[in-house]
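Undergrad: My questions will all concern the structure given below.
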């Protein structure tokens, strides 16, 4: 079996390296030295360069101006972006666009995606629910009212919310709303066999009536938004009702987060190797000491496991290949390794750098903050271990 990446996937990764080569992770001030967010907006100049390199439309079809590539290609690009802590909504934007293409109405796709692929329209996703610990789709209710859907609820920690033009919001219909309405504004009767509660995805423009933002600051020092929806009316063609749309989008977001963790961890281990190779004690580089070498070797093993589980998950999402367990199991395993692995990598890096690693003038400080954010994003390892247990139990029962 050939495990190498395709030429198109490798070309995407090389293009990303070229665009990101000039990004300096230490150019942004540390969150500990600012009164608020490290910046009001994301890196628009970098965003424009990514758009010029066609890296914002990787997952879109040729008809929509995209490259027609898959989740593996996106993860290769995300890995490169995390290595320099690129301050752009690349994951959220790409995942939202892919979900609209795969599950949305053709009218919505043709209206939204060409501009999204060119970077002119910026998309993000509300994926953390009301508190960051509960399912995101349960934080917002959606009910059909004539030719629109009405949304109510709160989504916390929406990444890049203040810079995005629209937010893709998961919501649940609630009992009795699954069948929609009879066209006059009233709720119609449920269809036989239709579930009483289901998930939908609503595209909410920033500044839309009934949709407000409250500023939040993340562990990384980036500006997030708490999205508050109160009787927000969204046109029906801006709501994705297809079964499985949110589950697929959540798996893509989780896998992309694993790619970010891998890229960050790889860069941090390289920084640690460079530092320990230069730092001398007793007339020898500390990298030659057995205790240092063994810790670095353990972290290399962590990164290898993170990489193997990441590509397994990305391949399952891309190919739809059948398996004994659903793709969610592979995604869950990848997130367990990513959460635990990236934490161990940055902790070891801090330890081997000594006091120098805690210096906020040195970029390792920012990598540590981003690693903690990625570890907890979309569920820490413990939450995914519990989910994996449920999947295994359900599989055994069948």
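The values are calculated or read from the model by the stated rules, or taken from the named source; none is laboratory data. Please read all numbers here as calculations on a predicted model, not as lab measurements. Cβ coordinates were reconstructed from backbone atoms using ideal geometry, including for glycine residues, and neighbour counts include every protein chain displayed.
Undergrad: Among the candidates 64, 90, 60, which residue alone is surrounded by 22 or more Cβ atoms within 10 Å (Cβ to Cβ), over 26 Å from residue 215 (Cβ atoms) and out of contact with any strand residue (DSSP E or B) (no Cβ under 8 Å at 6 or more places or on another chain)?
TA: On inspection, the qualifying residue turns out to be 60.
Undergrad: On the basis of being part of a helix (DSSP H, G or I), modelled with pLDDT under 95 and more than 30 Å from residue 235 (Cα to Cα), does residue 26 make the cut?
TA: yes
Undergrad: State whether one or more residues within region 140-150 are out of contact with any helix residue (DSSP H, G or I) (no Cβ under 6 Å at 6 or more places or on another chain), closer than 30 Å to residue 86 by Cβ, touching a residue at least 60 places away in the same chain (Cβ under 8 Å) and buried (at least 17 other Cβ atoms within 10 Å of the Cβ).
TA: yes
Undergrad: For region 297-317, which positions are buried (at least 19 other Cβ atoms within 10 Å of the Cβ) and over 21 Å from residue 252 (Cα atoms)?
TA: Across region 297-317, the qualifying residues are 299, 302.
Undergrad: Specify which of the listed residues (119, 153, 129, 174) is assigned to a strand (DSSP E or B) and either in the same structural domain as residue 382 (by TED's automatic domain parsing) or on the phi > 0 side of the Ramachandran plot (or both).
TA: When all the criteria are applied, what remains is 153.
Undergrad: Follow-up question, since we're still on this one. So is residue 251 surrounded by fewer than 18 Cβ atoms within 10 Å (Cβ to Cβ) and either touching a helix residue (DSSP H, G or I) at 6+ places or on another chain (Cβ under 8 Å) or in a strand (DSSP E or B) (or both) or not?
TA: On the way: surrounded by fewer than 18 Cβ atoms within 10 Å (Cβ to Cβ): no; either touching a helix residue (DSSP H, G or I) at 6+ places or on another chain (Cβ under 8 Å) or in a strand (DSSP E or B) (or both): yes.
No: the conditions fail for residue 251.
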